[in-house]
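The values are calculated or read from the model by the stated rules, or taken from the named source; none is laboratory data. These numbers were taken from a predicted model, which means no experiment stands behind them. Cβ placement follows ideal geometry from the backbone for every residue including glycine, while neighbour counts extend to all protein chains displayed. In case anyone asks, the SASA skips ligands and DNA or RNA and just uses the protein heavy atoms, side chains included. Shrake-Rupley method; radii C 1.70, N 1.55, O 1.52, S 1.80 Å.
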Amino acid sequence: SQSNVKNLPKETVAKNSQQFYEDVLEGLSQYPKKLPSKYFYNAAGDRLFQQIMHSADYYLTRCELDIFTTRLPEMTKLLIKEGTPFDLIELGPGDCYKSIHLMKALTKQQATFNYLPIDISGAVLDLINTTLPALLPGMPIIPLHGEYFRMLSKANKHSANRKVVLCLGSNIGNMSMMESHAFCQDLRRHLDPGDLVIMGFDLVKNPNMIRMAYNDRDGITSQFNLNLLKRINHELGGNFNLDDFEHYCSYEPETGACKSFLVCLEDRTVRIRDTTISFKKNEYIWMEISQKFTQEQVDDLALKNGFKPVSNLMDSKQWFVDACWVV
Ligand code: AVI
């Protein structure tokens with residue numbers, strides 16, 4: 001059955017907003033100050049991220065699309081194992097820009113599968129619900145609205161099919177290394193022997209290329225970061241003056257960590273509901289990590305958390321890898 005993802009109950013909205021408030025205050029009372037990047041994605045944030053993905057300097061999406069077009073025969077062969085039906089589960093599907101190619105190829109080969117997109121954003125699932133049926137008539141779509149692992153448990157209850165989990169776009173890069181290991185361990189606990197995972201990783205490369213992707217010439221990444229302050233103003237009664245903050249991005253080749261910050265340009269105080277927060281001139285808020293990986297680190301992530309690497313599909317420049325792991 002398809003869930004109505006549009007109308008969240010009032011209590012859920014209030015609970016989410018309280019969680020947002022608590023996370024923001026917790027982050028801004030730390031030293032150095034932090035904000036969780038998962039809150040980038042409101043409607044305006046989604047639009048800005050779409051612009052980033054199609055911008056000249058952000059190579060990640062183009063590289064992964066290259067994999068999802070040129071390496072499809074290998075990918076579909078891995079998935080269509082002995083013709084048994086399976087559930088294709090996508091964590092954070094966005095607009096299915098890449099996965100649609102896989103779904104089309106699978107449909108062409110008459111594979112029997114259900115598509116289960118999982119997202120915390122109802123808007124993302126609404127869009128899938130309205131656009132995908134026209135592109136792939138007859139493909140069963142079961143949108144699951146909520147946290148990844150809670151929804152994976154729900155998917156498990158829904159069917160006993162073999163599972164193929166897609167986690168694309170280097171979303172795993174937005175976690176610390178420790179968190180990404182914990183994430184893979186948790187993912188493994190929700191799967192059974194024979195299940196597959198396809199995980200997208202941005203690989204280490206020329207540091208200048210990486211820095212440019214997060215410091216694009218059109219300033220979209222800057223707007224993307226500033227949009228979170230705007231969101232705090234709108235949703236939590238904040239009074240950030242966006243002109244007081246400047247986007248800064250660093251990439252450290254020694255650790256593969258690409259980090260985004262917002263630097264406060266003057267001594268300032270900001271109010272969020274009843275709380276006042278002080279900023280010193282040049283004090284920064286750490287906004288996001290976008291971790292880059294070596295192939296060894298990718299394999300290590302699989303092996304240490306109960307997966308076996310079966311294939312590493314790369315783009316022609318070898319800048320990005322979609323790692324295929326089996327449980
Ligand atoms: C969603 N995520 C993988 C993006 C990234 O590359 O870290 C988010 C992003 N932040 C700035 N540009 C894109």
All positions within region 174-202 that are open to solvent by 50 Å² or more (accessible area, probe 1.4 Å) and among the acidic types (Asp, Glu): Glu179, Asp192
Segments classed as strands (runs of 3 or more DSSP E), wholly inside region 222-294, with at least 1 members that are among the charged types (D, E, K, R): 245-252, 257-264, 268-272, 284-291
Selection within region 86-104 - in a helix (DSSP H, G or I) and under 21 Å from the mean Cα position of the chain (by Cα): Ser99, Ile100, His101, Leu102, Met103
Helices (runs of 4 or more DSSP H) contained in region 36-85 and holding at least 1 residues within 13 Å of the ligand (Cβ to nearest atom): 43-53, 60-70
Answer from Gly122, Gly146 - the residue that is within 27 Å of Ser37 (Cβ to Cβ) and without any contact (Cβ under 8 Å) to a residue 40 or more places away in the chain: Gly146
Every residue from region 157-173 that is within 10 Å of the ligand (Cβ to nearest atom) and either closer than 17 Å to Cys96 by Cβ or surrounded by fewer than 18 Cβ atoms within 10 Å (Cβ to Cβ) (or both): Leu168, Gly169, Ser170, Asn171
Close pairs (7 angstrom Cβ cut-off, 6 or more residues apart or separate chains): touching a residue at least 12 places away in the same chain (Cβ under 8 Å) and away from the ligand (no atom under 11 Å from the Cβ) in region 219-233, part of a helix (DSSP H, G or I) and β-branched (Val, Ile, Thr) anywhere: Ile232/Val24
Those residues of region 288-313 which are over 25 Å from Cys249 (Cβ atoms) and aliphatic (A, V, I, L, M), in sequence order: Ala302, Leu303, Val310, Leu313
